[in-house]
Amino acid sequence: AKDDGRGMHCTYEPSLHAHAEERRTLELALRKAIANDELQLNFQPVVDAKTEGVASFEALLRWNSAEHGFVSPAKFIPLAEDTRLIIPIGEWVMIEACRQAMRWPAEIRVAVNVSGEQLLEPDFAATVVKALTATGLPAHRLEIEVTESVFLRDPKTANATLEEIVALGCSVALDDFGTGYSSLGYLRNNRFSTIKVDRSFVQGAAQESPESIAIIRAVVAMAQSLEMSTTAEGVETAEEADLIRSFGCTKIQGYYFGRPMGAEEAKSLVFRTRRA
Ligand code: C2E
Ligand code: CA
Ligand code: CA
Ligand code: CA
């Protein structure tokens, strides 16, 4: 045969090499992103399922690189986690999110995504205190979003840190619920105030998947008896919003109620739609 192992080898290696090379240049650019003022936060509204008033905004990181243009979080967040750049970047996010939240009405909270790498740092709680103190944001207006994966590597440290965060007065949400290594054990300690039901279940329910519908209903029932609220993610249409409401989710997030938007737009949205 003409296509022996060597042929494969020759075509494969350069692309692997190119991939590593690309990651390396991206990493170098990301290292300079904070200093070069290339990072920004967008804010996506999370609305009360009943009143449709804005309950909170989720801060979502955006990177507009001078060299690489707009880079998707799906690409640079994993890179930042692998290189530990997520530590300084995460500190910047925490302070900037709290700073922006100070400009909103006092009943509106801000949710900040936190990676396992950040949560497992010994001084994570101190970073939170620093952001609250520097900006003056009351702790109860800050919500930390973590995914189930934070419990995989070092559940003891993760639990202890979440306890510290709750003791400060912040709330904690379990993000992307149902997509990871779900174990109900995580919920037993009652540290979470909110379960965020992953978009895949919302999409499934909209396509009349009986399994997705059953899972959402079960999660809502469980959350209710644990006195936690539920946020449905990724609601894109009025039909989906109605469906999700019929399941009893307490809050809704998704393009239907608002895409992630710049800080100024978020601020004007809350003052425009604020209910007396
Ligand atoms: P996530 O925490 O699950 O955030 C929700 C993602 O869903 C966001 O993507 C948001 O733009 C998108 N989304 C919201 N509503 C809809 C909808 O109706 N339809 C669809 N198709 N998508 C919707 P984004 O901004 O690209 O962020 C991706 C992920 O990157 C986030 O997922 C989060 O895991 C991570 N991330 C973003 N910002 C930060 C950050 O500051 N720190 C950390 N550690 N991770 C972050
Ligand atoms: Ca999130
Ligand atoms: Ca999510
Ligand atoms: Ca996610």
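Output the strands (runs of 3 or more DSSP E) that fall wholly within segment 44-142 and possess 1 or more residues being touching a Ser or Thr at 6+ places or on another chain (Cβ under 6 Å), on the phi < 0 side of the Ramachandran plot and touching a residue at least 12 places away in the same chain (Cβ under 8 Å), or say none.
Working: elements: 54-65, 69-71, 109-113.
Because the criterion is at least 1 residues that are touching a Ser or Thr at 6+ places or on another chain (Cβ under 6 Å), on the phi < 0 side of the Ramachandran plot and touching a residue at least 12 places away in the same chain (Cβ under 8 Å), the strands (runs of 3 or more DSSP E) in segment 44-142 that meet it are 69-71, 109-113.
State the number of residues belonging to segment 224-235 that are farther than 18 Å from residue 56 by Cα and either of a type outside the set (S, T, N, Q) or within 12 Å of ligand 1 (Cβ to nearest atom) (or both).
2
Output the residue which, of all residues in segment 239-255 that are surrounded by fewer than 19 Cβ atoms within 10 Å (Cβ to Cβ) and charged (D, E, K, R), is nearest to ligand 2 (Cβ to nearest atom).
Filtering first and then ranking leaves 245.
For every residue, the table says whether it meets (1) in contact with a Pro (Cβ under 8 Å, 6 or more places away or on another chain); (2) among the aromatic types (Phe, Trp, Tyr); (3) within 16 Å of ligand 2 (Cβ to nearest atom); (4) closer than 25 Å to residue 19 by Cβ.
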site: 66; (1), (2), (3), (4): no, no, no, yes
site: 69; (1), (2), (3), (4): no, no, no, yes
site: 84; (1), (2), (3), (4): no, no, no, yes
site: 87; (1), (2), (3), (4): no, no, no, yes
site: 90; (1), (2), (3), (4): no, no, yes, no
site: 98; (1), (2), (3), (4): no, no, no, no
site: 107; (1), (2), (3), (4): no, no, no, no
site: 115; (1), (2), (3), (4): no, no, yes, yes
site: 122; (1), (2), (3), (4): no, no, no, no
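Identify all residues within segment 71-115 that are of a type in the set (D, E, K, R) and within 16 Å of ligand 4 (Cβ to nearest atom); write none if there are none.
To start, the set of residues in segment 71-115 that are of a type in the set (D, E, K, R) comprises 75, 81-82, 84, 91, 96, 99, 103, 107, 109.
Selection gives 75, 81.
Quick one: what pairs do we get from segment 240-251, first residue in contact (Cβ under 8 Å) with a residue 40 or more places away in the chain and on the phi < 0 side of the Ramachandran plot, second polar (S, T, N, Q) and assigned to a strand (DSSP E or B), C-beta under 6 Å, 6+ apart or different chains?
Note: pairs meeting the criteria are 249/230; 250/229; 250/230; 251/231.
Would you be able to say whether some residue in segment 136-144 is modelled with pLDDT of 95 or more and within 15 Å of ligand 4 (Cβ to nearest atom)?
yes
Name the single residue that is farthest from ligand 4 (Cβ to nearest atom) among those in segment 188-214 being part of a helix (DSSP H, G or I) and within 21 Å of the chain's Cα centre (by Cα). Talk me through it step by step, then tell me what you get.
Let us first name the residues in segment 188-214 that are part of a helix (DSSP H, G or I), namely 188, 199-206, 210-214.
From the residues that got through so far, the ones that are within 21 Å of the chain's Cα centre (by Cα) too are 199-204.
Values: 199: 8, 200: 10, 201: 13, 202: 13, 203: 14, 204: 16 Å.
Here the residue is 204.
Take the residues of segment 178-203 that are closer than 27 Å to residue 132 by Cα and touching a helix residue (DSSP H, G or I) at 6+ places or on another chain (Cβ under 7 Å): which is farthest from ligand 1 (Cβ to nearest atom)?
Checked segment 178-203; the qualifying residue farthest from ligand 1 (Cβ to nearest atom) is 189.
Given 214, 206, 221, which one is in contact with a helix residue (DSSP H, G or I) (Cβ under 6 Å, 6 or more places away or on another chain) and among the aliphatic types (A, V, I, L, M)?
206
Can you report the number of residues in segment 135-158 which are under 26 Å from residue 201 (Cβ atoms), away from ligand 1 (no atom under 14 Å from the Cβ) and surrounded by 15 or more Cβ atoms within 10 Å (Cβ to Cβ)?
2
Under the condition of being at pLDDT 95 or above and more than 16 Å from ligand 3 (Cβ to nearest atom), which residue from segment 164-209 is nearest to residue 225 (Cα to Cα)?
Result: 166.
Restricting to segment 109-134, and then to whatever is β-branched (Val, Ile, Thr) and crowded, with 19+ Cβ neighbours inside 10 Å, can you tell me which residue is farthest from ligand 3 (Cβ to nearest atom)?
The first filter runs over segment 109-134 and keeps only residues β-branched (Val, Ile, Thr), leaving 110, 112, 114, 127-129, 133.
Filter once more, keeping what is crowded, with 19+ Cβ neighbours inside 10 Å: 110, 112, 114, 128.
Details: 110: 15, 112: 13, 114: 12, 128: 20 Å.
This residue is 128.
Suppose the filter is touching a helix residue (DSSP H, G or I) at 6+ places or on another chain (Cβ under 9 Å) and within 14 Å of ligand 1 (Cβ to nearest atom); does residue 252 pass it?
Answer is yes for this residue.
The values are calculated or read from the model by the stated rules, or taken from the named source; none is laboratory data. Since the model is a prediction, treat every value here as computed from it, not as a measurement. In this analysis, Cβ positions are derived from the backbone assuming ideal geometry, glycine residues included, and neighbour counts consider all displayed protein chains.
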